[in-house]
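Data block below; observations after.
The values are calculated or read from the model by the stated rules, or taken from the named source; none is laboratory data. Because the structure is predicted, anything quoted here is derived from the model rather than measured. Virtual Cβ from ideal backbone geometry, glycine too; neighbours counted across all protein chains shown.
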Amino acid sequence: MKKLIFVFIFVTATGACIYGQTKNDDILKLLRVSGSEKLSEQLMPVLIQQFKQIVPDIPNIFWVKVMEKMNFDDLHDAYIPLYDKYYSHDEIKQLITFYESPLGRRVVEVTPLLTQETMSIGQAWGEKLGQEILLELIKEGYLKY
């Protein structure tokens with residue numbers, strides 16, 4: 001009986017270490033191990049750079065202050081209801097297990113690179129499509145050149 005109690009305590013304690021106390025804790029852990037936390041933080045300088053191109057006369061100190069004011073914890077907390085809506089607690093735990101596996105860590109490593117490259121491809125595709133649509137609008141007489 002003592003061995004059974006020991007095993008129960010060990011399994012319970014081990015499970016508590018692997019996963020958080022609540023589904024929300026596990027969602028935050030999933031955001032961390034999946035790279036979602038870092039990805040959102042890495043995208044902000046890209047967005048700031050885009051703003052700088054749109055409004056180039058703004059002094060750099062303004063953008064530094066904007067970045068300093070950003071609270072990514074608030075952003076990550078805002079994700080919790082979405083993950084809660086679409087995933088069960090068990091699914092969240094399974095995703096954590098995946099992202100902690102060698103393949104999951106590889107996915108985390110490659111995703112930012114894929115995201116950056118697919119954004120570039122998507123932007124070029126969109127520009128080409130926009131030009132084709134513009135030419136078609138001119139050809140059909142909807143726009144004058």
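Surrounded by 12 or more Cβ atoms within 10 Å (Cβ to Cβ) and over 19 Å from ASN71 (Cα atoms) - does that describe any residue in the range 41-48? Looking through the range 41-48, none of the residues is surrounded by 12 or more Cβ atoms within 10 Å (Cβ to Cβ) and over 19 Å from ASN71 (Cα atoms).
Go through the range 66-88 residue by residue and tally those that are part of a helix (DSSP H, G or I), over 16 Å from ARG32 (Cα atoms) and among the hydrophobic types (A, V, I, L, M, F, W, C). So the answer is 2. Residues that are loosely packed, with under 11 Cβ neighbours inside 10 Å and at negative phi within the range 134-145 comprise LYS139, GLU140, TYR142, LYS144, TYR145, listed in sequence order. Within the range 1-57, no residue satisfies the criterion of being assigned to a loop (DSSP other than H, G, I, E, B), acidic (Asp, Glu) and at pLDDT below 85. The sole residue among ASN71, ASN60 that is within 25 Å of GLN123 (Cβ to Cβ) and either over 13 Å from the mean Cα position of the chain (by Cα) or acidic (Asp, Glu) (or both) is ASN60. When LEU129, LEU75 are checked against the criterion of being more than 30 Å from ASP25 (Cα to Cα) and hydrophobic (A, V, I, L, M, F, W, C), LEU129 stands alone in meeting it. Condition (residue is of a type outside the set (Phe, Trp, Tyr), assigned to a helix (DSSP H, G or I), loosely packed, with under 10 Cβ neighbours inside 10 Å and modelled with pLDDT under 95) applied to the range 89-107: is it met by at least one residue? Within the range 89-107, not a single residue is of a type outside the set (Phe, Trp, Tyr), assigned to a helix (DSSP H, G or I), loosely packed, with under 10 Cβ neighbours inside 10 Å and modelled with pLDDT under 95.
Among the residues of the range 74-87, the ones that are exposed (fewer than 10 other Cβ atoms within 10 Å of the Cβ) and among the acidic types (Asp, Glu) come to 1 in all.
Evaluated against (1) assigned to a loop (DSSP other than H, G, I, E, B); (2) surrounded by 14 or more Cβ atoms within 10 Å (Cβ to Cβ), TRP63 falls short on exactly one condition, (1).
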